[in-house]
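For reference, the structure discussed in these notes is given below.
The values are calculated or read from the model by the stated rules, or taken from the named source; none is laboratory data. Predicted, not measured: the structure shown is a model, and the values here were computed from it. Because the Cβ atoms are built from the backbone with ideal geometry, glycine has one as well, and the counts that use them run over all protein chains shown.
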Amino acid sequence: MTPQIPQQAACSKCPGCEEPFESGDLFCGACGYDLSAVPRPPRERPAVASGTRVDWPEAPLVSEAGGSGVPATPQRPGELPGTDSGGRELPIAPLRPDRPDALPVSAAAFSPVRQAGSEARFGPAAPGGPVPGVPGPAPACGPGRAPGPGTASAPAPGPGPEPGWSPRSAPAPGPGSGGFQPAAPGPRVGGHPGGGSAGDDGRGSGGHPGGYAAGHPGTGPAAPPLPTQPCVACRADRVDPDGYCGHCGHAQPRERDHMERELSGVAAVSDRGLRHHRNEDSFAVSSTTLPDGSPAVIAIVCDGVSSATRPDEASLAAAGSAGEYLLESLPRGTHPQQAMHEAILAAASAVDSLAAGPGTAMEHGPHRHRNPPACTLAGAVAAGELLVVGWVGDSRAYWIPDDRSGPPARLTEDDSWAAQMVSAGLMSEAEAYADERAHAITGWLGADACELEPHTAAFKPDRPGVVVVCTDGLWNYAEAPREMARVLPPDAASRPLHGARVLVGHALDGGGHDNVTVAVLPFAMRRRGAGSA
Amino acid sequence: MADFPQANAPRFSIEVYQNEFLPEGGREVNAIVTVTSSGGGTTSGAPSIGASASAASPPGRPTGAAVVVMVDCSGSMDYPPTKMRNARDATAAAVDTLRDGTAFAVVSGTHLAAEVYPGGGRLAKADATTRACAKEALRRLRAGGGTAIGTWLRLADRLLGGADVSIRHGILLTDGRNEHETPEDLRAALDACAGRFTCDARGVGTDWEVEEVTAVASALLGTADIVADPSGLAADFARMMENAMGKEVADVTLRLWSPVGAEIAFVKQVAPTVEDLTGRRTEAGARLGDYPTGSWGDESRDYHVCVRVPEAAVGREMLAARASLIIPDRAGGTPRTLAQGLVRAVWTDDMAASTAINPQVAHYTGQAELAEAIRQGLDARKSGDVDGATARLGRAVQLAAASGNQDTAKLLAKVVDVVDAATGTVRLKARVAEADEMTLETRSTKTVRVRK
C-alpha cells in the first residue's frame, strides 16, 4: 500500500552509484553534488504575440550564509563520470529533492526512467549537498539517461538528447552549460512580453497575453454571512451582523468555511472539514506570464498551526504573500526555484509580522496565547518544462501522472517528527506514523520558528501529469502516492476543479477531522491540454 | 464598542475572557466580562471646586447629581457621645466635598426620618452659603429615638425623586440594629428604592448588623463598609462623596442575550466586590435579560457569566451570550448600547483545548469561593461549630494567599492564627475583637483582580 518509503529507499543505496547511504544521510556520499537541470527556455504559447524566446535567467547561487546553504555548484559535462541509468536499478521513489535541513538547491530534474519491466521511476532529484572529492555517478538525470528497455509505451522519458539543454549543468552559466543563457538584459524590459504593460508593480496584467489572475480566498477570519439568509441551523431569519443567529446562536457559515477557485490551468478547494470550527487553511492560485510569454501557473497551500494564536490569519497571510511574490518575480524572469525560495521567505516575514500585530493579547485561550501565529506552506509552480515545488512543514505536493500506469510520487518531505524519525533511521515509517507525535511539525512559518529552512525542488517531468498540493487534512486520508492517485479522477488534468473537489470529498468522507485544502495543477507537456490518460 | 458621542462623557468598553472550547457534550460556558468606562474627565480624586457638573453631561438629558445624607440619630449614638459628634463632623466633611451645583439634603434617622436641611421636601443646591447653612443645621442634631432604616430610605427617595438630575445617590450611616421596623419593612423599602437611586452604607461602631448594612448597599448598588472607630468617619464620608461626584452615567444595565434553549446559570459581579446579580434579572424581550449595575464613573468592573447552552456537535460554534451595556430609555424607546462583547462556545475534540481553564475565570471562581468561605466560616464560628469554622476559614486563608488577596488575608489573620497559608491550616483565635470580625464579614466580598 505504501510503495513510497522515501527514507528507506534513499538510505539503502545511491541510485546512481549503488553506494550505500549512511543512516540519516539525505544524499549520496559518493555523488552528492547537486544536480541541476538547466531548464530550456519555456515554450511559447501559440497565443503569445511576442515570439521572442527568452532564456531562463540563472538561478542565483544560494549563499552559504546561514550555515545551511548549498551552493549550486556548477558541474560541467565530463567532470563527473556519466551516469548510465538505463541499466541500473533505481530506488522506488527516492524523491529527495532537497535535504530537509538545507537551503534550496538549484534546479534539479527528475525524470521517470523506464527500467526493464517498464516501471517508471523517479530519479532522485537533487540529492542534496555536495560531498566534494567523492566521485561517483550522478543520479538518474544524467546526460546518459536514455530510455531503457521496455519504454516503448511510455512518453519519451528523457530530455537528455535534446540539444540546448544540459541536465547536468547547474543554472549558473559556465562552459558547457549548453544553451543556457542568463538573462543578461534587465528582464523587466527586455524579457517582458507585454512590454509596455508593466505597471507599477511590474506585472501589469493588461498586456500579458495570458494575463494573470490571482485568487486569494477569504478576506478575514470572521466574514459575516449575508444578513438576508436564514440561519443554517434553525432557519430563523434573524442572523446578526456578526454572523451568529439571533435565535439559536449558531455561527453561520463563513466565507472561509468552503472556498473554491478555478483559473485556467489550476484549481483549488478548501474546506473547514467536519470537526473544526473554522478553516485555518488557506490557498492562493494564480497564473502569470514569463518573460518569454509562456504561462506560469502557481498554487500555494497553507495550513495554520492550531496550537498557535490566530492560525487562520497566518495561513491567509502566508498564502497571499507567497502567491503575490511569485506573481511579481516570475514575470521578471527570476528562476522559478529561486522565486519559490524567496516567496517562502516573503510568506515567512508576512507571518512573522502578524506576531506584533493587534489582537495578540485578544485571544485568551490559555493553551494558545503564548505562540505567535504560524502555518505551513506547500507550493508548486509550473513554468515551461519546469515543475518547482517548495514547502515548509507538513503540507505536501504529489505528482500523479496522467497515465496512471506510471508511478505517482510525493515531491515533498515533511518537516515532521515522524519524517525525522524515519529519516534518522530510528523508526520504521509505520512505527513513526503510529506515534502520537507523528504529526508534530518541526518546521513552520512564524515568528517563533527559530531557523526557517525553506525547501525547494525543481523537477522536469517527462510526461503530463497533475500536481496535487495539499494540507494534511487531505493526505491523512491518502498518504501514499498510489492512494492519492487512486482518489484523483482520471480527468483531473482537464477538470482540475472537479479533481480538487473529489479529493476534498475523499477527506470529508474519511471523517474530515481537519481542514482540507487541495490545489490541483495540471502539468502538460508540449501538447497543451493533452491530459487524460 | 459603542461610544458616547458627547465630549467628556465616559467611553465604555467590554472585554470577554473565556475558554470557548467545550468537549463533546459540554454545555457550560464560563466567561469573565470586563467592563471599563474611561475618559469621563472626572477621576476618583477630589473634584475641582467650581467645576460645573452640567458641563460634562450630554445635552438633552437631565444633568448633575443629587445626594442625600442619612445620619443615624438614634439614642445609641450618644454612647459614647463622640459617636454623635463624629457623625456630625463626617456629614459636614461630606457636605464640604459636594461639588458646586449638586443638589443635596441631610436627613436624620431614628424610628422616623426627618429632614435636617434644607427641609420642606426640597433639595438645596450646593454653594458656599448652603454648605454653611447645612453645617449649622447639623449642630442641632441630637441623639434620641429608635432605628427604622426603611423610613430613612423612603424619605431619601422622595427627596431625590423630585430632582431633575441624572445621578441620584444616598449615603447612609447607622450605628445600631434596625430594631423599630420588621425586616420585611426594610426589604419592602429597599425594593421600592432599587433602581431609583444608589446608596453607600456605613456601620459605625460594632453594634450594627452586618447583614442589614450590606443588604442596603447590595440592593442599592453601592458600597458597604465598617467604620469601627468613629474618628475615621469624616475621611470616609469625604471619600464616599468624592466617589459619588465622580459618577457620570446612571442606570447602566448589563443586558445578556442568550440563545434559545440556553439558560443563564448565574451572573455575578466579581470585581471590585462579589455581588450575585442572578436574581436581579428583569426580562427585556425575547432571550434578553437585564441586570442592574448602577452608576459609573471612571472605573472597571468584572462580571462572571455562566451560561448553559444546548449541546452541539464537535466543530460547531455558537454564540452563548451577547453581553451589552445599555442605558434604558425611560420613555420606552430603544436603549442606548454603550458596548458589547461576545461569549462563544466552540465544540472540539481537542482535549487540551477543552480542558484548559481560563485564568480569569479560575481566579474569580476562587474569589467568589473565598467570600463564601468567609461567610460560612464566620457563621459556623458564631454558632459554636469550631471544626466547621476552622475548615472554612482555613480554606479562605488558602484562597486569599493563593490569589494574592492580601487585604482579606490580613483581615483573616485577625480572626484565625495562620499555621500554614498554603495548605490552609489555621487555628481559631480564642479572643477576637468584635470590630475585627465585623470588618472581615463586611469586607469579605472584596476581591482583587487577576494578575495579568
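Would it be correct to say that residue A:307 is surrounded by fewer than 22 Cβ atoms within 10 Å (Cβ to Cβ) and outside any helix (DSSP H, G or I)? So residue A:307 fits the description; yes.
Taking the stated definitions as given, is residue B:319 at negative phi, more than 10 Å from every other protein chain (Cβ to nearest Cβ) and buried (at least 19 other Cβ atoms within 10 Å of the Cβ)?
Values: at negative phi: yes; more than 10 Å from every other protein chain (Cβ to nearest Cβ): no; buried (at least 19 other Cβ atoms within 10 Å of the Cβ): yes.
Here the answer is no, as residue B:319 does not meet what is asked.
Does residue B:79 meet the test of being assigned by TED's automatic domain parsing to the domain that holds residue B:209, free of Cβ contacts under 8 Å to residues at least 40 places away in the same chain, closer than 21 Å to residue B:212 by Cα and over 22 Å from the mean Cα position of the chain (by Cα)? Quick ask: steps written out before the conclusion?
Numbers: assigned by TED's automatic domain parsing to the domain that holds residue B:209: yes; free of Cβ contacts under 8 Å to residues at least 40 places away in the same chain: yes; closer than 21 Å to residue B:212 by Cα: yes; over 22 Å from the mean Cα position of the chain (by Cα): yes.
So residue B:79 fits the description; yes.
Residue count for region B:136-157, restricted to those that are modelled with pLDDT of 95 or more and either outside the structural domain of residue B:76 (by TED's automatic domain parsing) or of a type in the set (Lys, Arg) (or both): 1. Annotation note: Cβ proximity below 6 Å between a residue of region A:398-417 that is in contact (Cβ under 8 Å) with a residue 60 or more places away in the chain and a residue that is assigned to a strand (DSSP E or B) and of a type in the set (D, E, K, R) (sequence gap 6+ or interchain) occurs for A:398/A:410; A:412/A:396.
Selection of region B:331-357 for residues being away from chain A (no Cβ under 14 Å) and modelled with pLDDT under 90 yields B:331, B:332, B:333, B:334, B:335, B:336. Within region B:232-273, track down each residue that is within 14 Å of chain A (Cβ to nearest Cβ) and either among the acidic types (Asp, Glu) or outside any strand (DSSP E or B) (or both). Result: B:258, B:259, B:260, B:261, B:262, B:263.
Remark: residue B:168 matches the filter, which requires a residue to be part of a strand (DSSP E or B) and of a type in the set (Lys, Arg).
Taken over region A:241-265, the criterion of being acidic (Asp, Glu) and either part of a strand (DSSP E or B) or more than 9 Å from every other protein chain (Cβ to nearest Cβ) (or both) is satisfied by A:255, A:257, A:260, A:262.
Among the residues here, residue A:287 qualifies as more than 14 Å from every other protein chain (Cβ to nearest Cβ) and part of a strand (DSSP E or B).
A count restricted to region B:278-311 and to residues that are over 12 Å from residue B:258 (Cβ atoms), within 14 Å of chain A (Cβ to nearest Cβ) and crowded, with 22+ Cβ neighbours inside 10 Å stands at 1. You will find that of A:491, A:462, A:435, the residue that is over 17 Å from residue A:416 (Cβ atoms) and either surrounded by fewer than 24 Cβ atoms within 10 Å (Cβ to Cβ) or of a type in the set (Ser, Thr, Tyr) (or both) is A:491 and no other.
Here are B:121, B:109, B:145: which of them is closer than 26 Å to residue B:221 by Cα, surrounded by 17 or more Cβ atoms within 10 Å (Cβ to Cβ) and in contact with a helix residue (DSSP H, G or I) (Cβ under 9 Å, 6 or more places away or on another chain)? Walk me through how you get there before you give the answer.
Numbers: B:121 fails: surrounded by 17 or more Cβ atoms within 10 Å (Cβ to Cβ); B:145 fails: closer than 26 Å to residue B:221 by Cα.
Just a single option satisfies the conditions, and that option is B:109.
Screening residue A:270 against (1) among the polar types (S, T, N, Q); (2) surrounded by fewer than 24 Cβ atoms within 10 Å (Cβ to Cβ); (3) within 22 Å of residue A:375 (Cα to Cα) leaves a single unmet condition, (2). Just for region B:317-363: of the residues that are closer than 19 Å to residue B:270 by Cβ and polar (S, T, N, Q), which one is farthest from the chain's Cα centre (by Cα)? Here the answer is B:358.
Residue check: is residue B:146 in contact (Cβ under 8 Å) with a residue 60 or more places away in the chain, of a type outside the set (A, V, I, L, M, F, W, C) and closer than 22 Å to residue B:274 by Cα? Spelling it out, it is not the case that residue B:146 is in contact (Cβ under 8 Å) with a residue 60 or more places away in the chain, of a type outside the set (A, V, I, L, M, F, W, C) and closer than 22 Å to residue B:274 by Cα.
Within this structure, residue B:376 passes the test of being within 15 Å of residue B:437 (Cβ to Cβ) and among the polar types (S, T, N, Q).
Restricting to region B:135-160, name every residue that is part of a helix (DSSP H, G or I) and charged (D, E, K, R). Step through it out loud before you land on a result.
So in region B:135-160, the residues part of a helix (DSSP H, G or I) come out as B:135-138, B:149-160.
Passing the criteria: B:135, B:136, B:154, B:157, B:158.
Within region A:325-359, being closer than 22 Å to residue A:313 by Cβ and part of a loop (DSSP other than H, G, I, E, B) holds for A:356, A:357, A:358, A:359.
Report yes if some residue within region B:364-386 is in a loop (DSSP other than H, G, I, E, B), within 22 Å of the chain's Cα centre (by Cα) and away from chain A (no Cβ under 14 Å); otherwise report no.
Checked against the condition, which is being in a loop (DSSP other than H, G, I, E, B), within 22 Å of the chain's Cα centre (by Cα) and away from chain A (no Cβ under 14 Å), region B:364-386 yields no hits at all.
The criterion of being under 30 Å from residue B:389 (Cβ atoms), within 10 Å of another protein chain (Cβ to nearest Cβ) and among the β-branched types (Val, Ile, Thr) does not hold for residue B:314.
Among the listed residues B:432, B:450, B:419, which satisfies the condition of being surrounded by 19 or more Cβ atoms within 10 Å (Cβ to Cβ) and not in a helix (DSSP H, G or I)? Of the residues listed, the single one that is surrounded by 19 or more Cβ atoms within 10 Å (Cβ to Cβ) and not in a helix (DSSP H, G or I) is B:450.
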